[in-house]
Structures are given as C-alpha cells and as structure tokens.
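Structure first, commentary second.
The values are calculated or read from the model by the stated rules, or taken from the named source; none is laboratory data. All figures in this text were calculated on a predicted structure; none of them were measured in a lab. Here the Cβ positions follow ideal geometry from the backbone for every residue, glycine too, while neighbour counts run over all protein chains shown.
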Amino acid sequence: SQLTKHLAMTRVVAGAMELCWMLGICELRRRMIGQSHKLIKEDQNRYNEIWEQILAEQKPDIDRLVVVADRIEETCPGIAQHLTPCGTPANSLDLIFSQATYLDGLLRAKVQQWALHSNGCFLSLPWKEAVRRS
C-alpha cells in the first residue's frame, strides 16, 4: 500500500513537471513570435511604402493598359474568346498558349521596368526558346 501511494505521488509530480514544461514552452513560443513580429514590422512598413510609391508611379501605365485593353476589345470583338474570366480555369492548351503568346511581350516589358525601378536584374529567354531547352 505504501508503494502504491509512492507510485501515485510520483505520477502526480511527473505530471505537474510535464505541465510546467509545456507551459514554459508555450510561453517561450509566444515571446519568440512577438519578437519576430516586432523585428519584421519596420521592414514590412518600409516594403509597403516602397510598394505604394511604385504603384503610384505605375498608375498611368496601368490606366493606359486598361484603355488599350478596351480598344482591343472594341476593335477585335472575338478576342474575348481567347481569354477566360478571372477565376475560371483554362481547360485547353491552345487557349493557354494563345494567351501566353499574346501577353509574353507585354509582361516581359513590364517586369523589366519593375526590375529597373527596384535596382533588380531581369534575365530571361524568349518562352519558345525556354520550352525548347527544357
């Protein structure tokens, strides 16, 4: 009977120690996450400032792109059949390749502009050559 009481007490103490360890680990995790948020907050704010500045600089280009897209739709009413509405998956390789062919030059030029504005580097191959090499 004495041994049973001793074993029961040992289990209670072990359980209490395990609970303390778990609470300690949870508290350390909470502190680390809080410190991480503090560390990245300044970088996040700086990133948002830069992004808003770039977006403001690109606004005229975006507006012109909308006008060009509207003109294309007016002059080529059938062009919409090559595009899918947002969120609709393309279910045809022909459709995907026609979209890629149409947008390749426009997107490539825009990415080059973004790389230039952010002091980045843009290296690429024309998509047909990249496909051939893969």
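Here are the numbers for the structure shown:
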quantity: Matching residues, region 40-65, being among the hydrophobic types (A, V, I, L, M, F, W, C) and surrounded by 10 or more Cβ atoms within 10 Å (Cβ to Cβ); calculated: I40, I50, W51, I54, L55, I62, L65
quantity: Single condition E73 does not satisfy, out of (1) surrounded by 11 or more Cβ atoms within 10 Å (Cβ to Cβ); (2) acidic (D, E); (3) at pLDDT 85 or above; calculated: (3)
quantity: Condition check for A90: more than 26 Å from E52 (Cα to Cα), at pLDDT 75 or above, of a type in the set (A, V, I, L, M) and surrounded by 12 or more Cβ atoms within 10 Å (Cβ to Cβ); calculated: no
quantity: Residue within region 10-19 that is at pLDDT 85 or above, assigned to a helix (DSSP H, G or I) and under 30 Å from S118 (Cβ atoms) present; calculated: no
